[in-house]
1. How large is the Kirkwood hydrodynamic radius of the chain, in angstrom, based on all distinct alpha carbon pairs?
2. Return the inverse of the average 1/r over all pairs of distinct C-alpha atoms in the range 93-246, which is the Kirkwood hydrodynamic radius, in Å to one decimal.
3. What aspartates and glutamates sit close enough to Lys112 to cross-link, taking a C-alpha to C-alpha distance under 17 Å and skipping anything fewer than 8 places away on the same chain?
4. Return the tail of the calculated pair distribution for the range 119-173, meaning the percent of Cα-Cα pairs more than 19 Å apart.
5. Tell me the angle of helix 126-154 to the major Cα principal axis of the chain, expressed in degrees between 0 and 90 and rounded to the nearest ten.
6. Under a Cβ-Cβ cut-off of 12 Å, what is the net charge of the residues other than Tyr105 that fall near it, where Lys and Arg count +1 and Asp and Glu count -1?
7. Excluding Leu241 itself, what net charge comes from residues whose Cβ is under 11 Å from its Cβ, given Lys and Arg +1 and Asp and Glu -1?
Amino acid sequence: MGKFTGLYRAVGALGSLAFNRWALGWAEAYTLHLYVLIGLLFAGAFSVIIWNVKEGEYPPPPPKAPGGRLGAIREYFTTCFRHRFYLNFFCVTFFYWASLVPLNYVVFFSTKAGKPGYAETLGLSLQTFGEVKGWTYIVQVPVFFIVGFFVDRFHPVRVAVLGMFLTAASYFSCFWMIGNQHTLLVWWSLNQVAIAIFLGAASAMGPRLLPRERYGQFVSANLIFGMVGLIIAPPIVGRLLQSIADYRYVFIFCGVLTSLSLVALLLLHAQWQKLGGVRGFTPPDPLLK
């Protein structure tokens with residue numbers, strides 16, 4: 001699982017490299033064309049994936065919950081959001097996805113944002129910023145390949161804790177150390193290496209920790225938490241940036257949110273050990289507290 005997710009993430013990093021290195025500089029002048037191109041690439045890729053899916057044999061579905069649709073909704077929430085182990089799993093996603101919101105503002109810190117009253121930015125062109133960001137994905141590719149081995153060897157939860165700690169530390173380091181194009185390249189690349197360690201492990205956590213017979217249900221609940229994080233974070237980050245008037249603080253916001261995700265991950269790790277750890281873990285009954 002670790003090697004597969006590492007390869008999966010490495011291919012994704014190559015795609016991000018291609019976009020930021022060669023396409024981002026055209027975003028202002030050819031916005032519509034880029035959206036159409038990206039949409040066609042997505043449509044083509046997903047069509048190929050669906051085309052090659054081979055359905056297997058499935059056991060009969062479980063009986064429907066009593067009470068109709070409301071009963072099914074009640075059972076969903078009772079099953080997914082009752083056990084503390086799974087709530088900690090979801091909180092990791094909630095805070096990590098929320099941390100991606102301020103990260104998107106790095107483009108304003110790096111380029112000529114032109115906001116009156118705001119602190120000085122690095123003043124790079126959008127093309128130069130895209131080239132710098134593209135290099136950060138280059139360093140991710142070998143990390144994704146390597147981290148897959150360690151995920152399979154030491155378990156994804158352990159590797160994820162390391163990756164999340166390094167990610168939080170690198171965000172705070174970016175706030176203090178970045179002052180020009182070269183330091184942006186160095187410290188953002190180190191940050192992306194840390195993120196690659198976490199993502200390579202996090203992709204393998206679900207299949208190892210969630211109950212197999214309800215896997216799709218728990219994945220959907222995890223995504224709900226992630227989307228709520230993406231909904232709540234933008235207005236809060238926007239209001240804070242308006243108050244501080246300094247885009248450099250996006251690194252502090254990212255560091256704080258990833259630190260909260262690290263706390264949830266450490267609690268998850270402690271529960272995982274109590275439930276058997278590497279040798280004896282089985283997903284706990286979701287109906288038990």
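What follows is calculated from the coordinates using simple rules that are stated; it is not laboratory data. None of the values given here were measured: they were computed from a predicted structure. FYI the Cβ positions are ideal-geometry reconstructions off the backbone, even for glycines, and counts take in every protein chain you see.
1. On the way: mean 1/r = 0.0479 Å⁻¹.
Value: 20.9 Å, from the Cα pair sum.
2. Here the Kirkwood hydrodynamic radius works out to 17.1 Å.
3. Glu28, Glu120, Glu131, Asp246
4. On the way: 743 of 1485 pairs.
So the pairs more than 19 Å apart make up 50 percent of the total in the range 119-173.
5. Helix 126-154 sits roughly 30 degrees off the main axis of the chain.
6. On the way: positive: Lys115, Arg248; negative: Asp246.
So the environment of Tyr105 carries a net charge of +1.
7. Numbers: positive: Lys115, Arg239, Arg248; negative: Asp246.
In short, +2.
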